[in-house]
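Here's the structure, in structure tokens; my notes come after.
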Amino acid sequence: MKPYEIKNMIIDDEFNGEESVTADFTHNDKDYSITLKKEDLEIINAWVFEDGSSLPATLSDTIIESLREDIKKRI
């Protein structure tokens, strides 16, 4: 079983002139959002939502790589 669950995914071709993919997911009972460049799946930004605010998220390399693989399969 994966340590996270992707809840929603959006492919946007208008973000700064580059295509991007944003995935909303839960991990350890917290909600996160990560945006990656569609071309190479490099991280643009990642956020964790806590107490009604969004804060920069720190994610392990293992989670990031697993998310990249899931996202690659979905697009």
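The values are calculated or read from the model by the stated rules, or taken from the named source; none is laboratory data. Here the structure is a predicted model, which means the values were calculated and not measured. Glycine gets a Cβ as well: all are built from the backbone with ideal geometry, and neighbour counts include every protein chain shown. Accessible surface is based on the protein model in full, side chains and every heavy atom, while ligands, DNA and RNA are left aside. Shrake-Rupley method; radii C 1.70, N 1.55, O 1.52, S 1.80 Å.
Points worth noting:
- Listed peptides 22-28, 7-13 by packing density, highest first (mean Cβ within 10 Å): 22-28, 7-13
- Proximal charge balance of D29 [Cβ under 14 Å; K/R count +1, D/E count -1]: -2
- Each other residue within a Cβ distance under 14 Å of K7 adds +1 if Lys or Arg and -1 if Asp or Glu, for a net charge of -2.
- Choice from S60, S20, S33 showing the highest fluctuation, given a GNM over the chain with Cα pairs closer than 10 Å: S60
- Amide proton proximity set for A57, modelled H, under 5 Å, gap of 5+: A46, W47, V48
- Rounded to 10°, Cα long-axis angle of helix 61-74 versus longest principal axis of the chain: 50
- Here the chain exposes an accessible surface that is 44 percent carbon and sulfur, computed with a 1.4 Å probe and the other protein chains kept in place.
- Helix-only mean residue ellipticity at 222 nm for the chain, each DSSP H run of n ≥ 4 adding -39500 (n - 2.57), per residue, nearest 500: -6000 deg cm²/dmol
- A 1.4 Å probe run over the chain, with the rest of the protein chains in place, finds 68 Å² accessible per residue.
- Close lysine pairs were tallied over the chain: pairs 8 or more places apart or on different chains with Cα atoms under 16 Å apart number 10.
- All Cα pairs of the chain, percent lying beyond 19 Å: 30
- Derived value for the stretch 33-75: Kirkwood hydrodynamic radius 11.1 Å. Basis is the mean of 1/r over every pair of different alpha-carbon atoms.
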